[in-house]
Amino acid sequence: MTENEKILIKFYTAFKNYDAKTMRSCYHPNINFYDPAFGTLKGHSVSQMWEMLLKNSKGNMKIEFSDIKADEFQGSIKWIANYNFSKTNRPVTNIIHSKFNFKDGLIIKQVDDFDIWKWSKQAFGITGFLLGWTGYFQKKIRDKALLSLKKYQSTLK
């Protein structure tokens, strides 16, 4: 097992255990993150996003991970999140494929990829089914996710 595979296991085990502090310790200070819901986040905002998501789940999120691969510079993992979406309380099973870059033994770049239409159908029901594939609706999802993060960050000051 490579050192970077160990850091991925540490990160996702911490995620599974609602341990945002340990998750944060796996990130390089210059972390760059992207996913379809939040878009691009950098630095402290990335860890704060995870903290917010863990807090909003109220202990009702189940994380599974597999297919861990990493060498000295890059890695990947498949993970599944099962939870109730906080805005609608609808159950969601989100299958995510993540790719990573490493620097100084830490994650410096993370790109999470998932089917945003499939996610929106689960999270929003018929509205997500009808509109979730559109750029307009996906932008609306991102705008609301970023607004939620900004509100959360304002409580930390």
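Bear in mind that the values in this text are calculations on the coordinates, not laboratory data. For clarity, every value in this text was computed on a predicted model and none was experimentally measured. Here Cβ is always computed from backbone atoms with ideal geometry, including for glycine, and neighbour counts include all displayed protein chains.
Give the residues of the stretch 104-148 that are free of Cβ contacts under 8 Å to residues at least 12 places away in the same chain and small (Gly, Ala, Ser), sorted by residue number. Correct list: Gly128, Gly135.
Within the stretch 125-143, the set of residues being over 16 Å from Val46 (Cα atoms) and basic (Lys, Arg) comprises Lys139, Lys140.
The set of residues in the stretch 15-38 being loosely packed, with under 14 Cβ neighbours inside 10 Å and under 20 Å from Val111 (Cβ atoms) consists of Pro29, Asn30. Checked against the criterion of being under 13 Å from the mean Cα position of the chain (by Cα), over 16 Å from Lys62 (Cα atoms) and part of a helix (DSSP H, G or I), the stretch 4-14 has no qualifying residue.
Identify the residue in the stretch 62-92 that is in contact (Cβ under 8 Å) with a residue 24 or more places away in the chain and not in a strand (DSSP E or B) and, among all such residues, is surrounded by the fewest Cβ atoms within 10 Å (Cβ to Cβ). Looking at the filtered set, the residue picked out is Glu72. Considering only residues in the stretch 39-51 that are closer than 21 Å to Ile9 by Cα and touching a helix residue (DSSP H, G or I) at 6+ places or on another chain (Cβ under 7 Å), the one that is surrounded by the most Cβ atoms within 10 Å (Cβ to Cβ) turns out to be Met49.
Being part of a helix (DSSP H, G or I), of a type outside the set (A, V, I, L, M) and touching a strand residue (DSSP E or B) at 6+ places or on another chain (Cβ under 9 Å) is the filter here, so list the residues in the stretch 39-55 that pass it. Don't jump to the end; show me each part of the working.
To start, the set of residues in the stretch 39-55 that are part of a helix (DSSP H, G or I) comprises 44-55.
Right, trim to of a type outside the set (A, V, I, L, M) and you get 44-45, 47-48, 50-51, 55.
Answer for the stretch 39-55, where residues must be part of a helix (DSSP H, G or I), of a type outside the set (A, V, I, L, M) and touching a strand residue (DSSP E or B) at 6+ places or on another chain (Cβ under 9 Å): His44, Ser45, Ser47, Gln48.
Applying the set (1) without any contact (Cβ under 8 Å) to a residue 24 or more places away in the chain; (2) surrounded by 18 or more Cβ atoms within 10 Å (Cβ to Cβ); (3) of a type in the set (A, V, I, L, M) to Met1 leaves exactly one unmet item: (2).
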